[in-house]
Each structure stands twice: as structure tokens, then as C-alpha cells.
């Protein structure tokens, strides 16, 4: 059997990849996908922990996360579309109307 | 599920129904029939407030949905605060919605949905519920921020808020997952017991029902989880170093929405922040207090310093809101009953004065938010004396001048911090609040002491807006002169929240 | 009559506020109506405060006219008012200067009249509250609230650099006062842990025993607030700006009353609440050094000023140095002189600012070089200016002399060097005031713009005459004032130097039993007892 720690480490690696993608990618859609990757890393963590603790809470949690992630995706894509209509670009470096 | 469970979430149900009704009305009605929407939204808020009041006294209520929700005095306090904030925002946005031709039905529905999410956040006692409440309110807020669809800054704000918000949520979720792994629970009280049992293993051995389900709690995992949870919450309350989104979002969002975010959402985020850290993680306070210490100090310093440089009033108020999060973190750092009460009182005082200030900004802003630079305010003290006078009151309250709610808020915060022997943090905090006076005074200087370069048009104040201004001014003074009632409410709620934790009894 | 007797302080405190609210509802166009309303309110406020002087019993050491109502029970803050000798004199000074300041602005202020008077009257309530309250929390409230009207007075009706001056004034004072708030909270917590009672009551807080090093911390928290307000030497830079830019009435109030809040703070809070810190050699040396620097530096800078008002402003720094010098000699002479000199400074500097304001209103300049030979065209003005200048530089028969003399006596008693250095301040004062007088009043009337200046009208005379009468009164017959101060000074001395009166049984304010028991044996016994008790207290507090 694959030990729990393998799953956790894999999830952590996925999460870090998501973070890195979020920070270093310049395309808004890719950035958004990085966030989704992070959420799924969390889901993997939940499922594996839930299995090893013999508790269903974690699995249920995963369903909630998936639902919320879907809702987030619809809203996120809608927002991305309005931004694209206004600026005709999906590069974050050009979304700079307000100074930081 | 029992009837009592449904009664516990009756306020949220009422809000959701009202929201759906408003949204459907908006979809099926003609464009110009938007006058009904605010009325229904207000009715919904009133009904929800009634549902909260109906359950008084809040101290003896059982937890609902198997401990998922807890309608205690703490959550009642925040519910009332959210409803008040939402009602004031609805009233103060009537001018704005008409003049920007926003889709009134959706706008009010989203406000109600966001308020509902905030209400869930305040009463959830389980990390799952916290996550859901947070997402309900966040998703609605993302849309509200970008509600001026055709305006590039607005959609840009929305995008930044959305991307950074979901990024932070991912951290929060990861923190929840690790906490679940470490303690085997997502319920805050159970987490508290599991961590406490770990801390004094002797007690745990003596009473087997308290033994955690997974044996010894891995402390490294708990530490990591606390750090991740902190990231998530610090983002939501816009504390340094997770504040970068705040100025852009607050500047680009429609002004009434900015008012809503900076008061309601911030209060909701602090409500869950307090509940998670004070209820579930109180036992390992030594692990997270220093995080709050550093973050509070940095928020005050960076928020104030950046606010000094701003010329756009919305952006200035955004930076000041970071600084105010810092003050609140000072009281949080005390992690005592007094500290919790101080946070609650401050959030109430801050909400009222900040909504008032944003209402004035929104009114002066005029169509398309054209006049939101400080120089536009030159000479307004004489052209719009009452509006300028109320703005002055709100700004003085934000500075923390006595006889206003802001003063008592700061007073309780620094009293709690000093009582917890946080001497240096307190000293730096009060000095910060003195420096902050400079940028608030600048607005007053422009209004009263500068000749006007450009005479901006000042519209007549409509009754709804007038009511908001008078109400928030009266409340600001009331909290500054007779704070007793609100303070008692806050202290009782804080006492009840922390009551059963010391001895590990559920 | 009993009702008014029991609530006289509340009445005096809120008359200006009531007047301000009334004026807010008057129509803006009715300028004379606003003027009359403001002046009558201020005059009424003064009239109502006069009985205080007669009803006050100077033989009683406790606070009088006490009123107490619960305000915020959960933190122990009360609305409580009361007077002792020190605050009585300052309250009377405030009511009379408030009236004079309002009277002096009849013609000099023409725009935004209504707001101007509202702010002046609000300021008046704030200042009265600071001197009257017996609750430390309420004190802080008044202390800060009063910043706001003063800020607007400088910022709206001020001179060319008004914005800079107003913000500087506000920020300086605010930084000081927030630190004071922490000091107040520290005392509050110490009291709560020692007695179990949560209170901000000033009398209760005056009876604490606090370890010396903690006292020092709190002392410095208070010090920043009070020293900025006084202002003491390194903190004085806001003062000339604020004074020069403020309108005349603002300057009169600022110099006459607001600065006194700092010295009042030292006398009312620092000394009795933190006796061991206040008498700590390091603190005493620091305070005396700063006072002496202020005296001499203020004098020298005054000597170099080309701007009439700035000269008066810097002379304030010098004179306030005398007051802090007197207070920190920590003996009865120095203390009583320091307190009385607060009143004297209010009278003479207030009058000097009025003098400057009168000429500024006529010529719209304050450059000393613009003037000369004014005594030819304005003889009454020149006479009054002479009296006021003499009172300020300390000529015998006028008030300034009494105060400075008693302070010097006190300083000499401790260390002759202090007195010697302080005397140079008097010499400098004589130099800059007489030189100013010579340059403006005497000499040829060579500037054509000055040829047609009108002399004082009746209203302007009425602003100066009361002050001149007071100056002569204190100068010729100061006894009633000293009698009023006797009890408070005695109380402070018993806290700060408990053994002092035993060693000096005939000093000012010495308890009567010591004077009566002048026989050597009894006196020695009491002295020994006093020393013992002092040692015990010192031991306990360490």
C-alpha cells in the first residue's frame, strides 16, 4: 500500500506548482488555472487524510470544494471576459490602470 | 435537521429569498421599475434582523446542524452589524445605481447574497461552514466590484480581487486540510479539545473521551496549518503583507461597494478570524501571537505611510483601511476577552464612520466617479456646508478624536493591549494613530482652507442619502459619548465566546 | 440659589457650548446678530464664573463645587468636576480671556463669521473642561477635543502660512497627547491592581504608591504631552508658527490659556501622582535645564525678531520657562510663583497679542521696521502698550514682578546658579520689550502710512482695560491670590517632599499646626516623624 505521506507530498508539490504558476505566469487564464491546481492539491490532501483517518468529513469537504470551485470558475471566466472586452489583452502586465 | 436548526438560519434564509425575489424582479421587469428593489432589499434585511431578535437571548441557544452553526451573542452582534451595514449601503447606493444605470435588481440581489454569506461566516463553528460562508460572500463581492462593466478600472479591480482572493482561499483551504489531518476534526470546538488534549497529555489519559482520534497531534502540521490559515484570513482583512489587493480594488470598485467591502466584509473576516483563532487555536496562542504582532505593526505603519502619499480619496481611504486593520490586530494580539470585545466595538465604530465617509465620497464623485481627487474637494466646505461638515465628523472619528466612536474604539483597543502588557506595540500603535491624523486632516484642509481651482458640480442630496449621513453621524457621536450599551453587548459576547474554553468543557 | 451653587461648574462649562449651538442656528447674513450673540454668551459666561471667586473657601484643601455623575461605568469614567485654588484661578482667567478674545474680534473678522464664533465658543468649553474636571479620562477628552476648534481657527482665519501652522499645531499636540493617554491607562491599571477599583478619579490616583522606575516611565509619557503644550525648549517649534498665523483672538487664547494646560498638567498630575519621579534628581535637573534654556534662548531669539507678533511669541517661550522653573524647584515659593505666573503670563501676553492685533488690523503688517513714532498719533495706545510691556518684563507694582520674584526666590533657595541664570532672562525681557517699544512708539513718524492711524476706540480699550486692572491688582495686592494657592501648594508639597514643611515650618503654605507648635521640641518631634514617614513611603515605593 502506498503510505499516506506520499499522497501528502504529492499534494504539496502540486500546490507549490500552483503557487509558482500563479506568481510567474503572465496570462490571466493560466493564472486562473494555477489556482484551480492549488484547489485540487487541497482536494487530494483531503481525500488521502480522510481515508487514513477513516473519517468521512474530508471526503464531504472535497465535494464542497469542487462545487465552490465550479462557481468560482464561472464568475472568474465572466470577469476575465469583461476585462478582455475593456482592454483587449489577457496579459497581467498590461492590467495596470491603477498604480500599485 | 430539526425546526430549531431552521430557525437558527432563518436570517440567512430570509436574505436568500429576498435576494432571489429581487433578482427575478430585475430580470422580468422593465428597466425603469428599479424602485422596488431597494425596498425589497431593505425589507429582507429588516426581516433577517427580526429573525435574529426573535431568538433573543442568544446566550442559551443550542448549536444548530450538529455544531456546524452557533448563534451566540458573538454571532448576533455581527449579524446586526452586517444588516446595518447592508441597509446603509443599499440606501446610500440609490443615487449611484440610478446615475450609473446599473442593473438594480442584480446589484441588490448580490448585496443580499454577500450579506447572507457574511452572516453564515459569523455564526459558523466549523471550518467547512466558514469556507462556504466566505465563498458565498466573496463570489458576490467579486461581481459587485466589477459591476461597472464598461469601465476598465472597475473590471480590472474585479479581476485583481478575484485572482488574489481565490489564491488566498486556496491557502486557507490547505490550512483547513492540514488542520483536519492533524486533529481529525473540522469543528472548532473539537479542534480546541484535540489541541488541548495534546498540550496536557496527562488529562487526556485520565479522560479517554477527550483523546484525539489520531493519537498524538503532530505539532509541525498544526504550526503549518496555523500559518496557512493566517495567510487566508490576513488576506481577507487586508493585513500586511497580504494587503496588496486592497488599494486597487477599493479604488476601482463602485464607491458604495467599496464602503461595503471595507466595513462589512472586513468585519465578517475578522469575525471568523477571531472565532477560529480564539476558539479553536487559543491553546497554541504562543505560536500565532507573534504573527499578529508583526502583521499588526506592519499594517499600521505601511498603511499610514502609503496613505500619506495618496491624492485619490478612495485610494487614501483604502490605505487607511489597511492601517485600521492594523489597529484591530493590536487588540487581537492581546488575545483576551477585553481584546475580543475591543475588536468588536472597533469594527462597529469603524463601519459607521467609514460608511458615512464613503457615502460623502460617492455623492461628491458624481457621474462616472469623476471627482474623487483631493483637489476636487477644495472649497466644498462653503459650497456644500452640511456634506462637508459630516465628512469632517467622519474624518475626525477616523483620526480618533474624543466624542466620536473612533476615539472609544481606539481607546478600548489600546486599553486591552496595554492590559496584556503589549507595551511597545501599544506605544507604536498610538504614535501611528497620531501620524494618521495628517492625511485625514488634508481632506479637511482641502475642504475648508483651499480656494477651489475647479468648481465641481454638487448635486442635491436625496432623502435616502441624507438619512444615511444623519444616521451614521448620529451613531458616530452616540458611540463616542455613550458607548456603554454597545460595549456591554460586545463584552458579554466576548465573555460567552471564551467562557467554556479555559476548562475544556463543551 | 442652592441649585446654582451646586451646579455652577456645569453651568459655567456649558454656557459657551449652548451659545455655540444657538449661533449655529442664526442666519449667516445677520452678522451683527451673530456678533452680539457671541459676545453676550461670552460675557454671560464670565459673569457666571465671578461668584466662584467669592464662594470659594480658600481655607479648605479639598476640591470644591464638586459634581459627579456616572458616565461609562464599565471603565470607571465619571463626569466629575471640581475646583481647587489652582484650577479656580485658571478657570477665571479662561472666562475673562475668552470674553476679551471674542470682543477683540468684532471688526477684525469679517468672513465666515458664524463659524468663527462657533469655534471660539467650543474652544472655550473645551478649555474650561480641562481645568475643571476631576476625572482623568474626561480630562483627556477635553484636552483633545479642544484641538479641533483651535485647528480650524488657525487654518481658516490665519495668516499666510496658516495651513502649515495649523497642521503642525495639531500633529505636535496629538503626538504628545496619545502618549499621555498611555500614561493615564498605566496609572489606571496600577490603581486597579492596588485597590481593585477601576477609576480615573484624579484624587484617587494622587494617592498611589508606584515603584520609582515605573513612575519615571509614566512621567516621561506625561512629559511629552505637557512639554509640547507648554512648550518647553526642544518642543517649542510649533508655537511661533501657530501664534504668528493665528488670528488675534486665537493668539490671545493660545498664549493666555492653552499653554497653561501644559503647566497645569505638571502641577495637577505629574507632581502629585508621580512624586518620586518628579523629585528624582535626574528629572529635576533635566526640567530645570530645559527651563533655563527656554528662558535664555527665548529671550535671545525675541531680541532678533523683525516681526512684532513673532517677538511676542518667542517671549512666551521665555516666560513659560520661568513657570516650569518655578514648578520644578519643588518648594512652596517656586510652586506658588509658578502657578501665579501662569495667570500673570495669561494677562500680560494676552494683552500684548491684543496690542499687536490692534495695529495689525489698521496696517495689515507686523514688520517692526514699518512702524515708528506711533505714540504721536496713538497716545492712548502707546500708554497702554507701555503698561502691558512693563507688566510683561516684570516691573515692580505690576503683576509680572510678583510672579517672577517669587519664582526666583524659590530657585535661589535650591541653587543660586539657577536664579542667576534666570535673572538674565529678565534682563533680556527688558531689552527686547523696551527696544521694541522704542522702535515702534518713539522716534520720528516717518512712514506716511502711519500718519493717519486712529487711536483706540471704546471697544478696543475695553479689551485692554480689564487686563490692566488685573495686572495692577496682582502687582499691588497679591495676597488674596496667594491665600487661594496656599492649600493646593501645601498638598503638592506633602506629596513631593513630605519632609519639607517640618524642616521649614514658616514656609509658604506650611500647615497651621506646625506654625503654632513653634517650640523647638515639638517641631523637632514632628520633623522626625515626618522624615520617618517619608522614609517609610520611599522604602515602600522602591
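The values are calculated or read from the model by the stated rules, or taken from the named source; none is laboratory data. Computed from a predicted structure; not experimentally measured. Cβ sites come from the backbone with ideal geometry, for glycine too, and all protein chains shown count toward neighbours.
Residue C:218 fails exactly one of the following numbered conditions: (1) within 30 Å of residue B:442 (Cα to Cα); (2) within 14 Å of chain B (Cβ to nearest Cβ). What is the number of that condition?
Condition (1) is where residue C:218 drops out.
Quick check: is even one residue across segment B:353-371 within 11 Å of chain C (Cβ to nearest Cβ), modelled with pLDDT of 90 or more, within 30 Å of residue C:28 (Cβ to Cβ) and in a helix (DSSP H, G or I)?
no
Keeping to segment A:45-64, report how many residues are within 7 Å of another protein chain (Cβ to nearest Cβ) and under 16 Å from the mean Cα position of the chain (by Cα).
Residues in segment A:45-64 being within 7 Å of another protein chain (Cβ to nearest Cβ) and under 16 Å from the mean Cα position of the chain (by Cα): 4 in total.
Test of understanding: among C:125, C:95, which residue is more than 14 Å from chain B (Cβ to nearest Cβ) and either under 29 Å from residue C:486 (Cβ atoms) or in contact with a helix residue (DSSP H, G or I) (Cβ under 6 Å, 6 or more places away or on another chain) (or both)?
On inspection, the qualifying residue turns out to be C:95.
State whether the residues of segment A:81-88 include one that is more than 7 Å from chain B (Cβ to nearest Cβ) and crowded, with 18+ Cβ neighbours inside 10 Å.
No: segment A:81-88 contains no residue that is more than 7 Å from chain B (Cβ to nearest Cβ) and crowded, with 18+ Cβ neighbours inside 10 Å.
Within segment C:355-392, which residues are closer than 23 Å to residue C:245 by Cβ and part of a loop (DSSP other than H, G, I, E, B)?
C:364, C:365, C:366, C:371
Out of the helices (runs of 4 or more DSSP H) lying entirely within segment B:102-186, which hold 3 or more residues that are facing another protein chain (nearest Cβ under 9 Å) and touching a residue at least 12 places away in the same chain (Cβ under 8 Å)?
Hits in segment B:102-186: B:127-145, B:152-183.
Determine which single condition residue B:319 fails, assuming it passes every other condition in (1) more than 21 Å from residue B:434 (Cα to Cα); (2) part of a helix (DSSP H, G or I).
For residue B:319, the exception is condition (1).
Within segment B:472-492, count every residue that is out of contact with any helix residue (DSSP H, G or I) (no Cβ under 7 Å at 6 or more places or on another chain) and within 26 Å of residue B:96 (Cα to Cα).
1
Within segment B:235-258, which residues are part of a loop (DSSP other than H, G, I, E, B) and closer than 27 Å to residue B:102 by Cβ?
Hits for segment B:235-258 are B:238, B:253, B:254.
Is it the case that segment B:405-422 has a residue that's within 8 Å of chain C (Cβ to nearest Cβ), in a helix (DSSP H, G or I) and more than 14 Å from residue C:185 (Cβ to Cβ)?
no
If residue C:131 satisfies all but one of (1) modelled with pLDDT of 90 or more; (2) crowded, with 22+ Cβ neighbours inside 10 Å; (3) at the interface with another protein chain (Cβ under 7 Å from one of its Cβ atoms), what's the number of the condition it fails?
Result: residue C:131 fails condition (3) only.
Could you check segment C:141-168 and list, in sequence order, the residues that are at pLDDT 85 or above and part of a loop (DSSP other than H, G, I, E, B)?
C:146
Scan segment C:434-452 residue by residue and report those that are at pLDDT below 85 and either within 25 Å of residue C:387 (Cβ to Cβ) or part of a loop (DSSP other than H, G, I, E, B) (or both).
Selection gives C:443, C:444, C:445, C:446, C:447, C:450, C:451, C:452.
Residue check, residue B:495 against (1) touching a helix residue (DSSP H, G or I) at 6+ places or on another chain (Cβ under 6 Å); (2) within 24 Å of residue B:291 (Cβ to Cβ); (3) surrounded by fewer than 18 Cβ atoms within 10 Å (Cβ to Cβ), all met but one. Which one?
Unmet condition: (2).
Can you confirm whether segment C:311-322 contains a residue that is in a helix (DSSP H, G or I), surrounded by 23 or more Cβ atoms within 10 Å (Cβ to Cβ) and over 18 Å from the mean Cα position of the chain (by Cα)?
Yes - at least one qualifying residue is present in segment C:311-322.
Looking only at residues in segment A:52-63 that are in a helix (DSSP H, G or I) and in contact with a helix residue (DSSP H, G or I) (Cβ under 8 Å, 6 or more places away or on another chain), which one is nearest to residue A:15 (Cα to Cα)?
A:62
Of the numbered conditions (1) under 30 Å from residue B:488 (Cβ atoms); (2) crowded, with 24+ Cβ neighbours inside 10 Å, residue C:49 fails exactly one; give the number of that condition.
With respect to (1) under 30 Å from residue B:488 (Cβ atoms); (2) crowded, with 24+ Cβ neighbours inside 10 Å, residue C:49 is out only on (1).
How many residues are over 19 Å from the mean Cα position of the chain (by Cα) and within 9 Å of chain B (Cβ to nearest Cβ) when one looks only at segment C:169-188?
Selection size over segment C:169-188: 9.
If residue B:446 meets every condition in (1) over 21 Å from the mean Cα position of the chain (by Cα); (2) within 13 Å of another protein chain (Cβ to nearest Cβ); (3) within 30 Å of residue B:366 (Cβ to Cβ); (4) surrounded by fewer than 17 Cβ atoms within 10 Å (Cβ to Cβ) apart from one, which number is that one?
Status for residue B:446: all satisfied but (4).
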